[in-house]
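Worksheet for the structure shown next.
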Amino acid sequence: MSERLEDIAIAMVANGKGILAADESSGTIKKRFDSINVTSTEDVRRDYREMLFRADDAMKNYISGVILYDETLRQNARDGTTLVDLIKSNGSIAGIKVDAGAKPLAGFADETITEGLDGLRERLNEYHNLGARFAKWRGVVAISDVLPTWGALRQNAQALARYAALCQEAGIVPIVEPEILMDGVPGDHSIERCYEVTDWVLKTVFNELYDANVKLEGIILKPNMVIDGKNARKASVEQVAELTVRALKSNVPAAVPGIAFLSGGQSDVEATAHLSAMNAGYDMPWNLTYSYGRALQAAALKAWGGKEENVPAAQAAFTHRARMNSLAAKGEWTEAQEKSA
Ligand code: 13P
């Protein structure tokens, strides 16, 4: 596999494939396990992720890359193979979440700043040695009638740009993720408000990437879709697709090879339907695909329930979701395909 940033980025979004976000921090994966009454230990976290990475059909055909958490990047499968080698053996690329999480931003009530820039150059070099070829950094943008503030937005965009430049220096493709929260507080914003904020966020982020000398050919953008808040959901699939494509076309240069959405709290089928509507209905200069966490894993997590005997059922659930999203990445998903499972 080529080591050029451009080639890695293209591979991450090619051929109806997308990215599995399995980079939940220890705190977040504990919350996911709590929902199925499973205690989160290092071995159980390994077993759960190994189960996903051993779903060969899904991994070979529908998953171009996997975002890992620091712990997972260093873990071995039960048989001693590194999880990174397991991912590679299925033709997929290992990636790493490198941000240290969103923390309250001093001076700004209700907004956060993502930490993790100090020492990042050294960490990226280590991650490259461990086999990672792309990274992820998530900047979080609160949304309401009065949020985000310009100050908080700009500081998060600057952090994303500094991260992206450091990644490229290390031979690692940065996934640039500015996430406008769909499921934050109050979560009652309209789709029009989400459009307005998404447009502003993308403009700000691309200005900062330009000022930071980031090569756009060697990044992947991971945005939210333009969608109304979790407590106000009513926009149709067509509306979400239309406004999302409009916001992207107004702001994302054609030099960017691919856009891989986060699911952000949408149901798994919603996230698939929205992606498919965009790919089916619009001509775009970039490949548009998925980088889903919850929308790829929710059904598998539930089917698994922490029990060894449920592994085949959980792998089947994951494979189905991955296949549906692969169809969506080609604009070919239908409800009939969904029900064929
Ligand atoms: P969700 O698809 O669950 O939003 O997670 C994707 C992700 O990586 C968020 O940072």
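FYI, it's all coordinate maths here, none of it is from the lab. In this text the structure is predicted, and so the values were computed from the model without any measurement. We place every Cβ from the backbone using ideal geometry, glycine too, and count neighbours over all the protein chains shown.
Taking only the alpha carbons of region 143-186, what extent do you get along each of the three principal axes, in Å, biggest first?
40, 21, 8
Calculate, in nm to one decimal, what VAL185 and SER236 gain on full extension: separation in residues at 0.36 nm each, minus their alpha carbon distance.
16.2 nm
For the residue pair ASN129 and ALA14, what label-to-label distance in nm results when each label sits 7 Å from Cα along the Cα-to-beta-carbon direction?
For the pair ASN129/ALA14, the computed spacing is 2.9 nm.
In a GNM of the chain with a 10 Å cut-off on Cα contacts, which of ALA58, ALA106, ALA22 has the highest mean-square fluctuation?
Of ALA58, ALA106, ALA22, the Gaussian network model singles out ALA106 as fluctuating most.
Loop-only GluC sites (Glu not before Pro) in region 105-135, please: DSSP not H, G, I, E or B, and at most 14 other Cβ atoms within 10 Å.
Answer in residue order: GLU115.
Can you divide the C-alpha Rg of region 73-119 by 2.2 N^0.38 Å and report the result to two decimal places?
1.78
Relative contact order, percent, of region 1-153 when contacts are C-alpha pairs under 8 Å separated by at least 6 residues?
Over region 1-153, the number comes to 20 percent.
Could you grab the Rg to Rh ratio for region 83-228? Cα atoms only, Kirkwood for Rh.
Rounded to two decimals, Rg over Rh is 1.00.
Normalised by the empirical 2.2 N^0.38 Å for globular proteins, what value does the Cα Rg of region 189-341 take?
In units of the 2.2 N^0.38 Å rule of thumb, it is 1.11.
For THR72, what is the net charge nearby, where nearby means another residue's Cβ is under 11 Å from its Cβ and Lys, Arg count +1, Asp, Glu -1?
Here the charged neighbours net out to -1.
What dipole magnitude, in Debye to the nearest 20, does the chain give about its Cα centre under +1 on Lys/Arg Cβ and -1 on Asp/Glu Cβ?
Rounded to the nearest 20 debye, it is 340 debye.
Please grab the % of Cα pairs in region 1-153 that end up more than 22 Å from each other.
49
For GLY139, what residues show an amide H to amide H distance below 5 Å, using hydrogens built from the backbone and excluding near sequence neighbours?
GLU177, GLU179
Could you give the size of the charge dipole of region 156-252 about its Cα centre, using +1 on the Cβ of each K and R and -1 on the Cβ of each D and E, expressed in debye and rounded to the nearest 20?
60
Give me the distance between the Cα centres of region 237-261 and region 2-46, rounded to whole Å.
23
Using θ = phi - 60° and the Karplus curve 6.51 cos²θ - 1.76 cosθ + 1.60, what whole-Hz ³J(HN,Hα) does each residue of region 307-317 get, with Gly and Pro shown as x?
Result, ordered by residue: 10, 3, 5, 8, 4, x, 5, 5, 5, 5, 5 Hz.
Work out the length of the dipole vector of region 111-209 about its Cα centre, built from +1 on the beta-carbon of each Lys and Arg and -1 on the beta-carbon of each Asp and Glu, and round it to the nearest 20 debye.
Here region 111-209 has a charge dipole of around 400 debye.
Compute log10 of I(q)/I(0) for region 221-295 with the Debye formula, placing one identical point scatterer on every Cα and leaving out solvent, at q = 0.13, 0.21, 0.25, 0.26 Å⁻¹, to two decimals.
Result of the Debye calculation: -0.34, -0.90, -1.27, -1.37.
At ASP283 and GLU192, where each label point lies 7 Å from the Cα along Cα→Cβ, what is the point-to-point distance in nanometres?
Taking the two extended label points, one gets 3.1 nm.
Please say if region 3-67 is rounded, prolate or oblate, where rounded means a/c under 1.5 for a ≥ b ≥ c the square roots of the C-alpha gyration tensor eigenvalues, and otherwise the choice is prolate for a/b larger than b/c and oblate otherwise?
prolate
Calculate, in whole percent, how much of the Cα-Cα pair population of the chain lies beyond 25 Å.
That tail contains 48 percent of the Cα-Cα pairs.
Picking from ALA232, ASN61, ALA132, whose Cα lies most toward the positive end of the charge dipole for the chain (charges on Cβ: Lys, Arg +1; Asp, Glu -1)?
Of the listed residues, the answer is ASN61.
Can you give the direction-averaged projected area of the convex hull of the alpha-carbon atoms in region 252-303, in nm²?
That works out to 3.9 nm², a quarter of the Cα hull's surface.
Over region 293-341, what lengths in whole Å, largest first, do the semi-axes of the equivalent ellipsoid take, defined as the square roots of 5 times the eigenvalues of the alpha-carbon gyration tensor?
22, 11, 7
If each of ILE36 and ASP110 carries a label point 7 Å out from its Cα toward its Cβ, how far apart are those two points in nm?
Taking the simple label geometry, ILE36 and ASP110 are separated by 3.5 nm.
Pairs LYS249/LYS302; LYS103/LYS330; LYS17/LYS339; LYS88/LYS230: which are spaced more than 25 Å apart, C-alpha to C-alpha?
Too far apart for the 25 Å limit: LYS249/LYS302; LYS103/LYS330; LYS88/LYS230.
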